[in-house]
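Before any comments, here is the structure.
Every read-out reported here was derived from the displayed coordinates using simple, explicitly stated rules and does not represent laboratory data. Just so it is clear, the structure is predicted and the values come from calculations on it, not from any experiment. FYI the Cβ positions are ideal-geometry reconstructions off the backbone, even for glycines, and counts take in every protein chain you see.
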């Protein structure tokens, strides 16, 4: 990986902690404990871990359990039932199902083909390649953002369906005679659409206005954005790739930047309307909160 060497030992410590838990069959450390091992803020740990490794903590655990099972298949004559239980699977059928879905092979087929088994063990011994590594270098600016207020509507559902929630905000503004006062379209991701099913994905759609706000009807709400020191990255392309751009900032730019993350939500500033702008040239700014210099 191209991530700065100073950050790699932190991730190695996290993976070692997970390996130890999987190997012992003990309880898995929670995200706060893993963040402490890595010396990262719990607030951003999950997002940073995924950006740096290309997989979630849950996916790492699945990979390590499967690797443990393959190692047992390779090194012992234990039954598939014994191996499944030792690797943390409830039943031998559960292990067989994962092997078929992931490696397209059964335990018997793997055991009878040591070369194939060795190749799969090698593949599973390291995290997936992060998408961010394959992206072209992007431009990041460190700047100070003034605090601001938004009118927000929480959306639940597929990322590609956010237009409906922004439409509701525009409808409310039209009813209040505030359309001409709309300034910015802002988004606060509360989950990663690449790893969550649509029904579990939450996203705060928001607008800023240059007028005094009337009383807001539910479910609209006022949100205060603290502002402060930010890393601002300009993304051009599909809005569905904003998480990939954020991964690039966290895994490729942040480690060598001399900056640290601040415990505050990141947000997107959507600059173009997907209904009137070709996807290839859509623009959005990603704002990631940083600790102020000397802070």
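Within the stretch 166-180, work out how many residues are in contact with a helix residue (DSSP H, G or I) (Cβ under 9 Å, 6 or more places away or on another chain) and surrounded by 18 or more Cβ atoms within 10 Å (Cβ to Cβ). So the count comes out to 2.
For the stretch 157-165, the condition of being in a helix (DSSP H, G or I), touching a helix residue (DSSP H, G or I) at 6+ places or on another chain (Cβ under 7 Å), without any contact (Cβ under 8 Å) to a residue 60 or more places away in the chain and closer than 19 Å to residue 273 by Cβ holds for none of the residues. Looking across the stretch 15-48, just one residue is crowded, with 19+ Cβ neighbours inside 10 Å and more than 28 Å from residue 245 (Cα to Cα), and that is 22. Against the test of being touching a helix residue (DSSP H, G or I) at 6+ places or on another chain (Cβ under 8 Å), surrounded by 15 or more Cβ atoms within 10 Å (Cβ to Cβ) and at negative phi, the options 59, 63 yield a single qualifying residue, 63. Filter the stretch 71-107 down to the residues that are part of a helix (DSSP H, G or I) and without any contact (Cβ under 8 Å) to a residue 12 or more places away in the chain and list them by number. Once the filter is applied, which keeps residues that are part of a helix (DSSP H, G or I) and without any contact (Cβ under 8 Å) to a residue 12 or more places away in the chain, the stretch 71-107 yields 75, 81, 82, 85, 93, 94, 97, 100, 101.
Condition check for residue 150 on (1) over 22 Å from the mean Cα position of the chain (by Cα); (2) buried (at least 20 other Cβ atoms within 10 Å of the Cβ); (3) assigned to a helix (DSSP H, G or I): one failure, at (3). The lone criterion from (1) farther than 21 Å from residue 152 by Cα; (2) surrounded by fewer than 21 Cβ atoms within 10 Å (Cβ to Cβ); (3) under 19 Å from the mean Cα position of the chain (by Cα) left unmet by residue 278 is number (3). Filtered by the rule that a residue be more than 22 Å from residue 160 (Cα to Cα) and not in a strand (DSSP E or B), the stretch 182-222 gives 210, 211, 212, 213, 214, 215, 216, 217, 218. Scanning the stretch 262-278 for residues that are assigned to a loop (DSSP other than H, G, I, E, B) and either in contact (Cβ under 8 Å) with a residue 12 or more places away in the chain or within 11 Å of residue 188 (Cα to Cα) (or both) yields a count of 9.
Scanning the stretch 232-261 for residues being closer than 17 Å to residue 187 by Cα and free of Cβ contacts under 8 Å to residues at least 40 places away in the same chain gives a total of 1. Considering 208, 229, the condition of being in contact (Cβ under 8 Å) with a residue 60 or more places away in the chain, surrounded by 14 or more Cβ atoms within 10 Å (Cβ to Cβ) and over 24 Å from the mean Cα position of the chain (by Cα) is satisfied by 208 alone.
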